[in-house]
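Worksheet: the structure to be examined is printed underneath.
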Amino acid sequence: MATYDMVKRSGALTPTSVCALLNADPQRLTDFVEYDPAYAIKFTILRLRRSGSPGDGDIFDAQQYAPFLDVEIDVTN
Amino acid sequence: MILGDAGGAAAAVELGARRVTHATAPQVWRTNHYISDALAAGMGIFMASLRTICPNGHLGFAPLKPESFHIAGATRPDFIAADSGSDDIGPVPLGNDTCASPKAWQEHDLELMLLAARKLGVPMIIGSAGDAGTNSRVDMYVQMIRDIAARHRLAPFRLGWFYSEVDKELVRAKIRGGSPITGLDARDDLTEAELDATSRIVAMAGVHPFVKLLKEGCDVIIGGRSSDSAIFAAAALFKGYPQGQSYYLGKVLECASICAEPYGAKETVMGEITADHVEVTAMAPFQRCTVASVAGHAMYERSNPFHEFVAGGMLDMTHCHYEQVADKTTRVTGMEFVPAQDCAHGWPIWPRRSDPRTQAPTRSPSTSSFAKWRPTIWSSGRAR
């Protein structure tokens, strides 16, 4: 919970920043939610191709997190 | 109503073979077994609460854990239900009409569930039979139920099922008749060229065929491809509970112990519904349903934690309130169900988002109504 509050307060994750991190056109972002009951931030970006269609390399979109490993959170606030 | 034995394989099983093709015009069946909701209420069948257990979030994909299932069974639940389908398997089994799960694990779970349900004398409900929920997978599960019943010499019970495949020419006629097959989210409508290239169409059932089969008095229901939450919501709606609470019950139960912590799949959870709330309880000795684990589950398999779309409407969780009422139990209130607005010809028309390619995300307050459906930015569990 404390970690979630720190990340939320830092403003490191915003609709703009997550799109930039993923190199996604912001027009593809459909949802961005700071969800306190679960201590989580969730956002959704439209796929470029349908899940499981020819050429799709990530049916679950569960392999997109690597760029977030390098995000620095300002914990001084 | 077709009544008969099981071709000698399971003479103990009374078959109520019922084909429900939910994608065609609604059919009205009248049988001696029909009990209307009003009649049921007048007979005092309505209960102050109803309890449903779910032992597996994807029946067959990995076996259920017997210990927590038996603990749950000992509490004498009113329904035993599980979803056997999942997006996880990708589209190939749908097109190829195949399973993704091994038969041995499917039979393992069906056997444990059937034996428990018949021992308790409560209905057992399965949706999206055999991963894909195609017609052949339904037939396969029906045969498994017959075989298990015969093997254990179970007393007669009524078995019902429905199919979810839709004929391509029916869909073509709809497109040509000016009733487009609307794309979800920002996808395009179905074209005839894409229809021509399609090998199989497997529709997604809402609560309706399940409710019909429950009204027929079925003890065991094998469903074709279905919305996860509909499998559980149907039982609660059949017993007269409100739509919001019923669909939430389904939403929170459909993946079994994924809504509990610490993480451990394939453990049984129990949902108890009243006219006001849903309480969800972990059955595994090592797990609890907490505010965070239950609320967190709302984020799973959907674009945002507030909206769950099913055939016929949307479960709105925007104003849900979560409360830890016991060590292993979290109570949820404030859920609402918004029926689909446009129901031409009995076909629910799904809400369509504004195409984000032409509309920038906005931080302005957003509502949950279909008419204003648009890219949504929320904070702190509600619109701002």
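The values are calculated or read from the model by the stated rules, or taken from the named source; none is laboratory data. Quick caveat: nothing in here was measured; it's all calculated off a predicted structure. Cβ atoms come from the backbone with ideal geometry, glycine included; neighbour counts cover every protein chain shown.
Some observations on this one:
- Tally, over the stretch A:32-48, of residues that are more than 7 Å from chain B (Cβ to nearest Cβ) and buried (at least 18 other Cβ atoms within 10 Å of the Cβ): 3
- Residue count for the stretch B:118-140, restricted to those that are surrounded by fewer than 24 Cβ atoms within 10 Å (Cβ to Cβ), within 17 Å of B:Pro55 (Cα to Cα) and touching a Gly at 6+ places or on another chain (Cβ under 9 Å): 2
- Selection within the stretch A:1-31 - polar (S, T, N, Q), surrounded by fewer than 16 Cβ atoms within 10 Å (Cβ to Cβ) and within 10 Å of chain B (Cβ to nearest Cβ): A:Thr14, A:Thr16
- Any hit, the stretch B:78-94, residues being touching a Leu at 6+ places or on another chain (Cβ under 6 Å), closer than 25 Å to B:Tyr248 by Cα and surrounded by fewer than 19 Cβ atoms within 10 Å (Cβ to Cβ): yes
- Flag for B:Gln341 being surrounded by fewer than 18 Cβ atoms within 10 Å (Cβ to Cβ), in a loop (DSSP other than H, G, I, E, B) and not hydroxyl-bearing (Ser, Thr, Tyr): yes
- Complete set of residues in the stretch A:49-58 that are of a type in the set (Gly, Ala, Ser) and either facing another protein chain (nearest Cβ under 7 Å) or surrounded by 12 or more Cβ atoms within 10 Å (Cβ to Cβ) (or both): A:Ser51, A:Gly52
- So B:Val294, is it under 17 Å from B:Thr52 (Cα atoms) and within 14 Å of chain A (Cβ to nearest Cβ): yes
- Residues of the stretch B:145-163 classified as in a helix (DSSP H, G or I) and surrounded by fewer than 19 Cβ atoms within 10 Å (Cβ to Cβ), total: 3
- Looking only at the stretch A:59-70, and only at residues there that are assigned to a loop (DSSP other than H, G, I, E, B) and within 11 Å of the chain's Cα centre (by Cα), the one that is surrounded by the most Cβ atoms within 10 Å (Cβ to Cβ): A:Gln64
- Which numbered condition B:Ile148 fails, given (1) closer than 13 Å to B:Leu59 by Cα; (2) away from chain A (no Cβ under 14 Å); (3) of a type outside the set (Asp, Glu): (1)
- Hey, B:Asp131 modelled with pLDDT of 95 or more and touching a Ser or Thr at 6+ places or on another chain (Cβ under 9 Å) or not: yes
- Among the residues of the stretch B:128-139, the one identified as in a helix (DSSP H, G or I) and aliphatic (A, V, I, L, M) is B:Val138.
- Members of the stretch B:278-287 found to be of a type outside the set (S, T, N, Q) and crowded, with 19+ Cβ neighbours inside 10 Å, listed by number: B:Val278, B:Glu279, B:Val280, B:Ala282, B:Met283, B:Ala284
- In the stretch B:245-273, residue farthest from B:Thr290 (Cα to Cα) [restricted to those that are surrounded by fewer than 22 Cβ atoms within 10 Å (Cβ to Cβ) and among the small types (Gly, Ala, Ser)]: B:Ala265
- Figure legend. Inter-residue proximity from the stretch B:302-323: first residues among the aliphatic types (A, V, I, L, M), second residues assigned to a strand (DSSP E or B), beta-carbon distance below 6 Å, spacing 6+ or different chains. Indicated pairs: B:Met314/B:His307; B:Met314/B:Val338; B:Leu315/B:Glu308; B:Leu315/B:Phe337.
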